[in-house]
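**Student:** Quick one: structure below, then a few questions.
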Amino acid sequence: MSTQTAPTANGRYVPNLTQPPPNDPLPRALGWASLGLGIPQVASPGGFARAIGVRDDPEARGWTLLVGARELMGAAGILELGQPRPTGWLWARVAGDAMDLGLLLAALRSKPRHRNRLLGATGAVLAITAADVAAAMRMSSHPELHAEPGPLRARAAITVRRPKEEVYRFWRDFENLPSFMEHLDSVEDRGGGVSRWAARAPGGRTVEWDAELVDEHPYDHLSWRSREGSSVENSGSVWFVTAPGGRGTEIHLDLQYDLPGGALGVLIAGLAGEEPRQQVREDLRRAKQILETGMVVRSEGSPDGPMARRRVRQRPAQPLVGSAS
Amino acid sequence: MKANCWTGRNTVEVQNVPDPKILNARDAIVRITSSAICGSDLHLYDGYVPTMKRGDILGHEFMGEVVETGPEVGDLAVGDRVVVPFPIACGACAACENGLFSVCENSNPNAAMAEKLWGHSPSGIFGYSHMLGGYAGGQAEYARVPFADVGPIKIEDDLPDESVLFLSDIFPTGYMGAEMCDIKPGDVIAVWGAGPVGLFAVASAYMLGAERVIAIDRFDYRLKKAREQAGAETIDYEKVNVLEALAEMTGGRGPDACIDAVGMEAHHHVGPIHAYDRAKQATRMETERPHALREALIACKNGGTVSIIGVYGGLMDKFPIGSVMNRSLTIRTGQCHVQRYLKPLLKRIRKGEIDPSFVISHRMSLDDAPRGYDMFKHKRDDCTKVVLKPFSSAAYGTPRPSGGGA
């Protein structure tokens, strides 16, 4: 990872920035198309069925309503929820297209009165399918957008109002990492730059691996990597940069997981409930809290402090029963 | 313990919930002697603040007695009487260091939610949605106070609860609203909204040297209070054209500074205009009904300041940016950095410059909180401010309308 680092003219170590996600108009257009189809399907299922040449009976209306609801969900996913990377939502569209084609073929087989309209609708769906497949493949093939399997990368930065030396020393003691890295159970320093890491896996399992320090520039930069043959291949780099004007220390963190087996991919996805970048941001937030206030800040709704997975499972803001976690 | 919980749009319920516990070494538990319903609680009640969850304990204006402290709360002891500021602040981050306590960088464990909506996250707030921390609030018998070594102020003399309770929010909020106007001798200040925050903004503007303060509202009893208890001149916007009246009252200059003490649920006296923004708000096409703010921006003199202390949540429509830009207006705003104002304002209360209890209209037991919300929302029985007394059910079983302090 140290190859990604180069001291700049003023001697600061900064991470290279990767390419931003491409600005692809096709997915958005498909999202709007979903919206355009979904609204009439839900608002007037009978009218829509007639328009595409399907018999207007309760069964057809039921299917049309279902398809309309799916389209609206797809629109929300592509235009809003999945931004900026609606890859999964695009593949869901492809699956939806397959369903639509199945329904249309069934309708064609049942000797329809408006065969030409139905053929037209089928042709339109085929064209849309082609666009959907193209968009989904394009999104999937871009390295930055490529979530899993394969190398999974997450980076984040935060500013902490503590001197760089103190922040560095806190991080250099890897045994401190589990206090703010959500997925880590423990890290044990074995000496000589080698440490034993343990992370929680779904089903109460624990995954363990050995990591070694591969690069160290005191007070500026640390890089570590799992040792060869680990069940979980991963690496991390962190840069400590003095923020201008006495604003403290910037922490830039870059984590990478490479998993042929996908074990940790599953683990991370399960823990985070959303993209790993969010989890890394929350990890840094906890690190900042510990460095600045001496603790992880807890509320009744989030008794474990900032945590990506807690965002979707908030407790009511009422005192906890039993002991605090 | 008993606590007033949000249970859905337009409903709150007093429920039995577990007693609070120390979760962090810098927490304290406070037995609440007085707690108020805030105008901003009505935004939660009305369902305009996202990320509320059924069962959330409301309330962010409270005071009481410390009954337990975490091991790292050095300067508070069991038995201390404290007023608790509504923003939760760590005292150690860059924002706190700069006195910007309501944008503390560490006190919102759900900062990621707020970042989605606002870009960056402000501080956590007691009883004010999960986006702002998911903290249990103070309309309850007890509350856990995080960073108890930073926020609460000790009240060591015998000032009654009702004179110091509003240090928790509305007095400093009104004061900061006036302070942001940067008042100079001769300044005329206009304040939209003669609710409790507006009344404190009026009083504070005078404290800071304003020549004249004009309060704008539509409820007679509120305008009367602004005139009689805070010394304001008043405009009833349902009876006169506010822009014309202000121009006339200021010799055509317009107010030197305008304070918006209304916020996201403003009312417009012209039916169709109100209906337009009301409909857009109901369908979530905008989150605000910004009538007061639009008018304040248009009314303000060239080069003047518009100070926004009414609460807004998201996006508004038809913001008169052209007027702001071409007329060199300055907009200043923020949730109040209460911790900054506790000591100086307590001093003013002690010196008798102001007795904040003048805004109180109703005192009730905690059990009556649902009735208090309903009454405050619909401005029934000349309701200006409701104070809940969690441990005085017998004494405050029935409301006692009153025109001023106890």
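**Student:** Kindly indicate whether residue B:88 is surrounded by fewer than 24 Cβ atoms within 10 Å (Cβ to Cβ) and more than 8 Å from chain A (Cβ to nearest Cβ).
**Tutor:** Answer is no for this residue.
**Student:** Part of a strand (DSSP E or B), touching a residue at least 24 places away in the same chain (Cβ under 8 Å) and not assigned by TED's automatic domain parsing to the domain that holds residue B:360, is that true of residue B:215?
**Tutor:** Taking the combined requirement at face value, the residue satisfies it.
**Student:** Name the residue, out of A:161, A:172, A:190, A:205, that is within 14 Å of another protein chain (Cβ to nearest Cβ) and of a type outside the set (A, V, I, L, M, F, W, C).
**Tutor:** A:161
**Student:** What number of residues in the range B:132-156 are crowded, with 24+ Cβ neighbours inside 10 Å and more than 10 Å from chain A (Cβ to nearest Cβ)?
**Tutor:** Count: 6.
**Student:** Sticking with this structure for a sec: Return the residues of the range B:251-281 that are small (Gly, Ala, Ser), within 25 Å of the chain's Cα centre (by Cα) and within 22 Å of residue B:48 (Cα to Cα); say none if nothing qualifies.
**Tutor:** B:261, B:263, B:266, listed by residue number.
Conditions (1) of a type outside the set (Asp, Glu); (2) part of a loop (DSSP other than H, G, I, E, B); (3) within 19 Å of the chain's Cα centre (by Cα), marked per residue:
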residue: B:293; (1), (2), (3): yes, no, yes
residue: B:298; (1), (2), (3): yes, no, no
residue: B:307; (1), (2), (3): yes, no, yes
residue: B:325; (1), (2), (3): yes, no, no
residue: B:328; (1), (2), (3): yes, yes, no
residue: B:332; (1), (2), (3): yes, no, yes
residue: B:343; (1), (2), (3): yes, no, yes
residue: B:346; (1), (2), (3): yes, no, yes
residue: B:367; (1), (2), (3): no, no, no
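**Student:** Separate question: I'd like to check something: does the range B:27-49 contain any residue that is in contact (Cβ under 8 Å) with a residue 40 or more places away in the chain, surrounded by fewer than 20 Cβ atoms within 10 Å (Cβ to Cβ) and within 12 Å of chain A (Cβ to nearest Cβ)?
**Tutor:** no
**Student:** Is it the case that residue B:70 is within 27 Å of residue B:180 (Cβ to Cβ) and in the same structural domain as residue B:152 (by TED's automatic domain parsing)?
**Tutor:** No; evaluated as a whole, the condition is false for this residue.
**Student:** Name the pairs: first residue in the range B:100-115 and facing chain A (nearest Cβ under 7 Å) and among the β-branched types (Val, Ile, Thr), second residue buried (at least 24 other Cβ atoms within 10 Å of the Cβ) and part of a helix (DSSP H, G or I), Cβ to Cβ under 7 Å, at least 6 apart or on different chains?
**Tutor:** Every condition considered, no pair remains.
**Student:** Scan the range A:243-255 and report the pairs whose first residue is touching a residue at least 24 places away in the same chain (Cβ under 8 Å) and whose second residue is among the acidic types (Asp, Glu), with Cβ atoms within less than 6 Å and a gap of 6+ or a chain change.
**Tutor:** If the second residue must be among the acidic types (Asp, Glu), the pairs left are A:243/A:250.
**Student:** So in the range A:56-93, with the set limited to residues that are among the polar types (S, T, N, Q) and either on the phi > 0 side of the Ramachandran plot or buried (at least 19 other Cβ atoms within 10 Å of the Cβ) (or both), which one is modelled with the lowest pLDDT?
**Tutor:** Only one residue fits best here, namely A:87.
**Student:** So, in the range B:294-320, how many residues would count as being within 28 Å of residue B:95 (Cβ to Cβ) and either crowded, with 21+ Cβ neighbours inside 10 Å or touching a helix residue (DSSP H, G or I) at 6+ places or on another chain (Cβ under 9 Å) (or both)?
**Tutor:** Adding up the residues that qualify gives 15.
**Student:** With more than 13 Å from every other protein chain (Cβ to nearest Cβ) and in contact with a strand residue (DSSP E or B) (Cβ under 6 Å, 6 or more places away or on another chain) as the only criterion, which of B:126, B:62 stands out?
**Tutor:** B:62
**Student:** Ok, one more. In the range A:237-253, what residues are surrounded by fewer than 19 Cβ atoms within 10 Å (Cβ to Cβ) and polar (S, T, N, Q)?
**Tutor:** Within the range A:237-253, just A:242 meets the criteria.
The values are calculated or read from the model by the stated rules, or taken from the named source; none is laboratory data. Everything numeric here is computed off the predicted structure, so don't read it as measured data. As a convention, Cβ positions derive from the backbone with ideal geometry for all residues, glycine included, and neighbour counts pool all protein chains shown.
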